[in-house]
Amino acid sequence: MRLVWRDGREDALTTQTLRDACRSSDALRARIDGRQADLSPDLTIQKVELVGGYALNLAFSDGEDRGIYPWRFLRELADTQIKTESN
């Protein structure tokens, strides 16, 4: 997913990064139980919806559709992805 920020910065977050960071109750419970999301290379984002003015709701091809991604969280994910890629 490509994001263009107000400050002109552009980031591209991978579907896998976004799905792995999902904070829905189901995704959090799965991580607590030691179950990982299916991060197959075929995973796609099926739908993107604006939640008020503060976040996006993403629906993935694996059925996860309750993750809310506030803008600040998306920026943090992008920062983390940049750091990981530069190492």
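Relative to the first principal axis of the alpha-carbon coordinates of the chain, what is the inclination of helix 71-86, with its axis defined by its Cα atoms, in degrees from 0 to 90 and to the nearest 10? Result, in degrees: 90. Its relative contact order, with pairs defined as Cα atoms under 8 Å and 6+ residues apart, puts the chain at 23 percent.
Note on the chain: Kirkwood hydrodynamic radius from all Cα pairs is 13.6 Å, rounded to one decimal.
What FRET efficiency, computed as 1/(1 + (r/R0)^6) with R0 = 30 Å and r the Cβ-Cβ distance, is obtained for T80 and V4, rounded to the nearest 0.05? Given R0 = 30 Å and the Cβ-Cβ separation, E is 0.95. Using Cβ point charges alone (K and R +1, D and E -1), the dipole size of the chain about the Cα centre works out to roughly 280 debye.
Phi angles across the stretch 7-15 convert, under the Karplus curve 6.51 cos²θ - 1.76 cosθ + 1.60 with θ = phi - 60°, into 3J(HN,Hα) values of 7, x, 5, 10, 10, 10, 9, 6, 4 Hz, Gly and Pro given as x.
Only the coordinates and a few stated rules stand behind these numbers; no lab work does. Quantities reported herein were computed from a predicted structural model and do not represent experimental measurements. We place every Cβ from the backbone using ideal geometry, glycine too, and count neighbours over all the protein chains shown.
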